[in-house]
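A.B. asks: Let me give you the structure first, and then I'll get to my questions.
Nothing in this text is a laboratory measurement; each read-out follows from the coordinates by a stated rule. As the structure is a computational prediction, the values presented were derived from the model and not from experiment. Positions of Cβ are generated from backbone atoms using ideal geometry, with glycine treated the same way; all protein chains shown enter the neighbour counts.
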Amino acid sequence: MIEIAGYELRLDRLYDPATHMWVQLQEGCRARIGLDPLSSETSGDVVALSLVEPGTIVAQGESVGDLEAAKFVGPLVSPVTGTVDEVNRDVLLEPALLNRDPATNWLVTVALDPSTRHELDAFLSGAEQLRPWFTVEVDRFRTQGAIAE
Amino acid sequence: MTTTLPMADATPAVRQDSPDWVRISYASAIALRFRSGRFSREFKFGGINLLLSYDSGCLSDCGYCGLARNRPGEYDDKSFIRVEWPLVRTDEFIDRLVRYEDRLTRLCISMVTHGRAYPDTLELTERITSKVRAPLSLLVAPPTLNEERLRSLKAAGADMIGIGMDAVTEDLFASLRTNVPQGGLKWDQYWETVAFARDIYGPWHVNCHTLVGLGENDAQLMDIFGRLLNREVFSYLFCFNPEPDSRLGDRPKTPIERWRRIQLAKFLLEERGLDPAAFRFDDDGMLSRIRAPRALIDEVVADGYAFMTNGCPSSGGEPGCTRPMGSWRPTESPRDYPWRPTAEDQAAVREQLDLEALIEPGPGPTRPAHLCAPPAAGRFAPNPEV
């Protein structure tokens, strides 16, 4: 784990800079996905969540659900292409878990489409890649006023 | 994330009451960076709302209110207008008002019914207006006030007074606010406060909150709009949105079609001077027709202001208190727009209004312009969003 600008990022996963989602590869060409800590924090207090049903085929950039916070609503954009094979019922029942611990509380697991494995190449991992990207992003959200002082 | 915020302790050893502590709306908490978060849509927001806070809570028991005395739960855990109102230290709050002053459009202190509400509101008004130039409104609790106190609040720097009438008929007011377990609020006292405030603060410096969806009909709403208009008092429209666990928690939210029609009719009456006889009601008192030139209606819909939040103005005369998502969830179509409606918004509004069924040809405005509610500065400028 590393800390960048006050945020903890786990190093056992990849991060998609386009969607601010993390991707953790699992056995059997599967990937678990969740919100990175900046996405979680700048959404505000999450009050409701919807996720697609297992079996849903999603392409990279398509929604796997919607997140509703106190003053914000937005789609949960899949960073990968595949078939959703598991949904985290715990976060559906208690959406605030996404604010409390976004690294542990995943959203869905996707069986990756082998023909689109190249999507993973654009993701970032390791301290050397994560630090410059995440530092800039924190500054950007801070400038927008989305981060508390 | 381990940022330490100057906010209330989870388990305070001492009371965190006003005037040393205040609650602020969630949107205000984001704007002043007490809380992280974003709005679904980017727009300029500077209408800061604060609420007095006491360990013993509000002593009223209004059937629809999240702060009602008999609503289940500890006062600290109660929501107001359905969302949490973070508790913040007043000193830090005022420091942040100063720091972000360039983006503030309007400030408002909401009183609650409590023995300390008046002295604390007076102190907060003095402390805020001595440091910040943004105009300050007070949403007052009539049981705590009299004429002299209203004068003192004006002398302290408040420029507008709001009265939360909410229920628009005496019977409805009594059923929701007077004849309830810990009620006792008095319709006549509320109107007396309106009269005192109107005398002291002057025309168009007083407003009454009117809630759509508590059980009134449209004719009753239009009647109160007209009476307030004649007294040069603003009526600010609010959409009923059930507060979970309140006595009206199971009452359905006002349908958006009805809400839009009321927004349009109110605007036509108040700001475009349409004669009250132009509004036709069915046997249940619900608005069925508006007789008006179609060009007038199209202009009002395109202008967009009729569908924006009713709130006190900024010092420049634009809408200052915009309460984003105060009566709608981020997933819903906005009830009152905190921004100037875009072309997409307008299309939705038109569909919700069903103008073909609502409008029939009729005469134009009859009320002289100088007797209409004053349009805010710049209101007749072309809508830049369209």
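A.B. asks: May I ask you to work out the translational diffusion coefficient for the range A:2-116 at 20 °C, viscosity 1.002 mPa s, via Stokes-Einstein with Rh from the Kirkwood sum over Cα pairs, reported in whole µm²/s?
C.D. replies: Stokes-Einstein gives a translational diffusion coefficient of 153 µm²/s.
A.B. asks: Right, next: Where the Cα atoms of the range B:182-234 are projected onto their three principal axes, how long is each span, largest first, in whole Å?
C.D. replies: 32, 29, 13
A.B. asks: Please average, across the residues of A:61-74, the number of beta carbons from any other chain that are within 10 Å of each residue's own beta carbon, and give a whole number. Show your work: numbers first, answer last.
C.D. replies: On the way: counts 0, 0, 0, 0, 0, 2, 1, 5, 7, 14, 17, 8, 8, 3.
The per-residue average across the peptide is 5.
A.B. asks: In debye, nearest 20: dipole of the range A:91-149 around its Cα centre with unit charges on the Cβ of K, R (+) and D, E (-)?
C.D. replies: 80
A.B. asks: Helix B:187-201: angle to the longest alpha-carbon principal axis of chain B, degrees 0 to 90, nearest 10?
C.D. replies: For helix B:187-201, the angle is close to 90 degrees.
A.B. asks: Ok, one more. How would you rank B:Phe238, A:Phe141, going from fewest to most other Cβ atoms within 10 Å of each one's own Cβ?
C.D. replies: Neighbour counts put them in this order, fewest first: A:Phe141, B:Phe238.
A.B. asks: Treat every Asp and Glu Cβ in the protein assembly as shown as -1 and every Lys and Arg Cβ as +1, leave all other atoms uncharged, and give the resulting dipole magnitude about the Cα centre to the nearest 20 debye.
C.D. replies: Once rounded to the nearest 20, the dipole reads 1260 debye.
A.B. asks: For chain B, what Kirkwood radius comes out of the mean inverse Cα-Cα distance, in Å? Working shown, then result.
C.D. replies: On the way: mean 1/r = 0.0467 Å⁻¹.
With all distinct Cα pairs of chain B included, I get 21.4 Å.
A.B. asks: Amide H neighbours of A:Ala70 under 5 Å, counting only residues 5+ apart in sequence or on other chains, H built in-plane at 1.01 Å?
C.D. replies: Amide H neighbours of A:Ala70, under 5 Å, 5+ apart: A:Asp45, A:Val47.
A.B. asks: Calculate how large, on average over all directions, the projected area of the Cα convex hull of the range A:96-149 is; give the answer in nm² to one decimal.
C.D. replies: Mean orientational projected area (the range A:96-149, Cα hull): 5.7 nm².
A.B. asks: Which of A:Glu128, A:Glu8, B:Glu84, A:Glu119 has the fewest other C-beta atoms within 10 Å, and how do the rest follow up to the most?
C.D. replies: Values: A:Glu128 8, A:Glu8 14, B:Glu84 17, A:Glu119 20.
Ascending number of Cβ neighbours within 10 Å: A:Glu128, A:Glu8, B:Glu84, A:Glu119.
A.B. asks: Taking chain B as the reference, fit the longest principal axis to its C-alpha atoms, fit the long axis of helix B:90-99 to the helix C-alpha atoms, and give the angle between the two in degrees, 0 to 90, nearest 10.
C.D. replies: So the helix axis and the longest Cα principal axis differ by about 60 degrees.
A.B. asks: Moving on to the next point. For chain B, find the longest principal axis of its Cα atoms and tell me its angle to the long axis of helix B:294-303, 0 to 90°, nearest 10.
C.D. replies: 30
A.B. asks: Another question about this same structure. Given R₀ = 45 Å, what would the calculated FRET efficiency be for A:Leu92 paired with B:Arg133, taking r from the Cβ atoms and rounding to 0.05?
C.D. replies: Plugging the Cβ-Cβ distance into 1/(1 + (r/R0)^6) gives 0.45.
A.B. asks: With a Förster radius of 30 Å, plug the Cβ-Cβ distance of B:Ala219 and B:Glu356 into 1/(1 + (r/R0)^6) and report the FRET value to the nearest 0.05.
C.D. replies: Computed FRET efficiency for B:Ala219 and B:Glu356 comes out at 0.85.
A.B. asks: I'd like the Kirkwood hydrodynamic radius of the range B:138-191, using the inverse of the mean 1/r over distinct C-alpha pairs, in Å.
C.D. replies: 12.1
A.B. asks: Across peptide B:323-331, what mean number of C-beta atoms from other chains lies inside 10 Å of a residue's C-beta?
C.D. replies: 3
A.B. asks: Which entries in the list B:Lys154/B:Lys266; B:Lys131/B:Lys154; A:Lys71/B:Lys253; B:Lys44/B:Lys131 go over 27 Å, if you measure between the two C-alpha atoms of each?
C.D. replies: From the list (B:Lys154/B:Lys266; B:Lys131/B:Lys154; A:Lys71/B:Lys253; B:Lys44/B:Lys131), the Cα-Cα distance tops 27 Å for B:Lys154/B:Lys266.
A.B. asks: Using the alpha carbon gyration tensor of the protein assembly as shown, what are the three equivalent-ellipsoid semi-axes (square root of 5 times each eigenvalue), largest first, in whole Å?
C.D. replies: Semi-axis lengths for the protein assembly as shown are 43, 29, 21 Å.
A.B. asks: While we're here: Mind giving me the nanometre distance, one decimal, between the label points for A:Gln144 and A:Thr83, set 7 Å out from Cα along Cα→Cβ?
C.D. replies: 3.5
A.B. asks: Express in whole angstrom the spacing between the alpha-carbon centres of the range A:75-120 and the range B:113-149.
C.D. replies: If you average the Cα positions of each part, the centres end up 49 Å apart.
A.B. asks: Another question, then. Hey, for a label at B:Asp20 modelled as a point 7 Å past Cα toward Cβ, could you say which residues of the range B:88-105 have their backbone N under 16 Å away?
C.D. replies: Output list for this probe position: B:88-94.
A.B. asks: Say the dipole of chain B comes from +1 at the beta carbon of Lys and Arg and -1 at that of Asp and Glu; which of B:Phe93, B:Ala117, B:Leu221 then lies farthest toward its positive end?
C.D. replies: Of B:Phe93, B:Ala117, B:Leu221, it is B:Phe93.
A.B. asks: Any chance you could run the full-extension gain for B:Glu126 through B:Asp171? It's 0.36 nm times the residue separation minus the Cα-Cα distance, nm to one decimal.
C.D. replies: 12.5 nm
A.B. asks: Another question, if that's okay. To the nearest 20 debye, what charge dipole does the range B:21-254 have about its Cα centre, counting +1 at the Cβ of each Lys and Arg and -1 at the Cβ of each Asp and Glu?
C.D. replies: Value, rounded to 20: 740 debye.
A.B. asks: Another question about this same structure. Compute log10 of I(q)/I(0) for the range B:226-310 with the Debye formula, placing one identical point scatterer on every Cα and leaving out solvent, at q = 0.11, 0.16, 0.17, 0.20 Å⁻¹, to two decimals.
C.D. replies: Each listed q corresponds, in turn, to -0.36, -0.73, -0.81, -1.04.
A.B. asks: Between A:Arg30 and B:Gln182, what's the calculated FRET efficiency when r is the beta-carbon distance and R0 is 56 Å? Round to 0.05. The partial results should precede the final answer.
C.D. replies: Details: r = 57 Å, r/R0 = 1.01.
Approximately 0.50, to the nearest 0.05.
A.B. asks: Another question, then. Provide A:Ser125, B:Ser137 in ascending order of the number of other Cβ atoms located within 10 Å of each residue's Cβ, fewest first. Don't skip to the answer; put the middle values down first.
C.D. replies: On the way: A:Ser125 16, B:Ser137 25.
Final ranking by Cβ density, sparse to dense: A:Ser125, B:Ser137.
A.B. asks: At what distance in angstrom do the alpha carbon centres of the range A:1-48 and the range B:293-315 lie from each other?
C.D. replies: Here the two parts' Cα centres lie 43 Å apart.
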